[in-house]
Amino acid sequence: MADYDPVTKVVIPAAGLGTRFLPATKATPKEMLPIVDKPAIQYVVEEAVSVGLLDLLMVTGRNKRSIEDHFDRAYELEEVLAAKGDSERLSQVLEPVEIATFHYVRQGEPKGLGHAVLCAKQHVGNHPFACLLGDDLIDYRDHLLKRMIEVRDTYGGSVVALMEVPREQVSLYGCAEISPTSEDDVVRVTGLVEKPAPEDAPSNWAVIGRYVIDPAVFEVLENTPPGRGGEIQLTDALLELAGRGNDEGGPVHGVLFRGRRYDTGNKIDYLRTVVQFAADRPDLAPEFIAWLREFLDEVPR
């Protein structure tokens, strides 16, 4: 196995406007919307930390200050909880502060995911990095990010997470053209199309919000013109890298993910996610599921 640079840094783009959740997101970042009692972005951070990635850069924008506040000290609240002897809630308040080292950079204009990643260039430097999108939550029991880093360690280049979706949904994603490798869950990515019409999609394997990216992507992004929607697309840059060899920052491989993914990018999927997480909580599930069954029995069909 070749000796590739290890992945040590994480980039979390969090500069989106969250228009699908207006008016709630007029003043509250969509990344801070709670999944039961914890903001969605904290689950993403915990996923990175679970594989030993403790150097996190968040790419934020205007009206995102509460994200920084959440991962910072809140001395007045801590003192109140300490004075009450409420060690359980004090631990919950301190956990996101102490979990990792956080850095922040602002994306001045909403120019797309590719531009958000490009904003990380100075912090990341010439090192491979993980990129985790806050709209996708991956079940902690499925170890997707760990597997992606293993694939990067084996093949070099970049790695994307691919999940099979119904043909009628491919227009919501970037979709990959793939060829097999000697490993059942690993494919070589030979093409990428951003949000294709179903009849134009190269496959049903969609790119979801987990990436491990070679630093060569920055040079490509700097020279990538706006694509679909007038934005700089990360998909376009990865397509360029897919045709390169290891000495030029390529190729691109995909991990075929068949585990549990929770989408928080639209209202219906967000509600599903909250219900699923609540039903999986030992402290909430018995009472919540019993109430949910009663409620559903009373709802007119």
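The values are calculated or read from the model by the stated rules, or taken from the named source; none is laboratory data. Predicted model, so just to flag it, every value in this text is computed and none were measured. Cβ coordinates were reconstructed from backbone atoms using ideal geometry, including for glycine residues, and neighbour counts include every protein chain displayed. For the accessible areas, the whole protein counts, side chains as well, though only heavy atoms, and no ligand, DNA or RNA atoms are used. Shrake-Rupley method; radii C 1.70, N 1.55, O 1.52, S 1.80 Å.
Distance between Cα centroids, region 1-51 to region 190-211: provide it in whole Å. Computed from Cα coordinates, the inter-centre distance equals 22 Å.
Using heavy atoms of the protein chains and a probe of 1.4 Å, the accessible area assigned to Leu271 is about 100 Å². Between the C-alpha center of region 245-301 and that of region 60-119 there is a gap of 23 Å.
If I take every Cα pair under 8 Å that is 6 or more residues apart in region 157-227, average their sequence separation and divide by the length, what percent do I get for the relative contact order? Computed over region 157-227, the figure is 41 percent. For region 63-212, the residue among Thr190, Tyr155, Gly108 whose Cα projects farthest onto the positive side of the dipole built from Cβ charges is Gly108. Taking the Cα centre of region 162-276 as reference, the dipole from Cβ charges on Lys and Arg (+1) and Asp and Glu (-1) amounts to some 600 debye. Highest mobility in the GNM of the chain, judged by mean-square fluctuation with C-alpha springs under 10 Å and restricted to Ala48, Ala176, Ala74, is found for Ala74.
Expressed as a rounded percentage, what relative contact order does region 46-140 have, with Cα pairs under 8 Å and six or more residues apart? If you can, show how the numbers build up before the last one.
Numbers: 65 pairs, mean separation 39.1, N = 95.
Relative contact order for region 46-140 comes out at 41 percent.
The ellipsoid equivalent to the alpha-carbon distribution of region 92-147 has semi-axes of 23, 17, 14 angstrom, derived from the gyration tensor eigenvalues as √(5λ) and listed largest first. Straight-line cross-link partners of Lys84 among the aspartates and glutamates, defined as a Cα under 13 Å from its Cα and at least 8 positions apart when in the same chain: Glu76.
Protein heavy-atom accessible surface, 1.4 Å probe, per residue over the chain: 52 Å². Computed over the chain, the per-residue total of -39500 (n - 2.57) for DSSP H runs of n ≥ 4 gives a 222 nm mean residue ellipticity of -10000 deg cm²/dmol, rounded to 500.
Distances between placed amide hydrogens fall under 5 Å for Leu33 paired with Ala40, all partners being 5 or more residues away or on another chain. Each of Cys175, Pro282, Thr264 was scored by the projection of its Cα onto the charge dipole of region 166-301, and the greatest displacement toward the positive side belongs to Pro282; charges sit on the C-beta of Lys, Arg, Asp and Glu. Listed by chain and number, the lysines whose C-alpha is less than 26 Å from the C-alpha of Lys111, apart from same-chain residues fewer than 8 away, are Lys9, Lys26, Lys30, Lys64, Lys121, Lys195, Lys267. Rounded to whole numbers, the Karplus 3J(HN,Hα) couplings from phi for region 119-126 are 4, 8, 4, 5, 6, 6, x, 9 Hz, using 6.51 cos²θ - 1.76 cosθ + 1.60 with θ = phi - 60°, and x at Gly and Pro.
Given Cβ point charges of +1 (Lys, Arg) and -1 (Asp, Glu) and nothing else, what value in debye, to the nearest 20, does the dipole of region 143-194 about its Cα centre take? Show your work: numbers first, answer last.
Details: 5 positive and 9 negative charges, 26 e Å.
Dipole of region 143-194, to the nearest 20 debye: 120 debye.
Karplus-derived 3J(HN,Hα) values for region 29-37, using 6.51 cos²θ - 1.76 cosθ + 1.60 with θ = phi - 60°, are x, 4, 5, 9, 5, x, 9, 6, 10 Hz; glycine and proline are entered as x.
Overall, the accessible surface of the chain at a probe of 1.4 angstrom is composed of carbon and sulfur to the extent of 50 percent. For the chain, the relative contact order works out to 21 percent when only alpha carbon pairs closer than 8 Å and six or more residues apart are counted.
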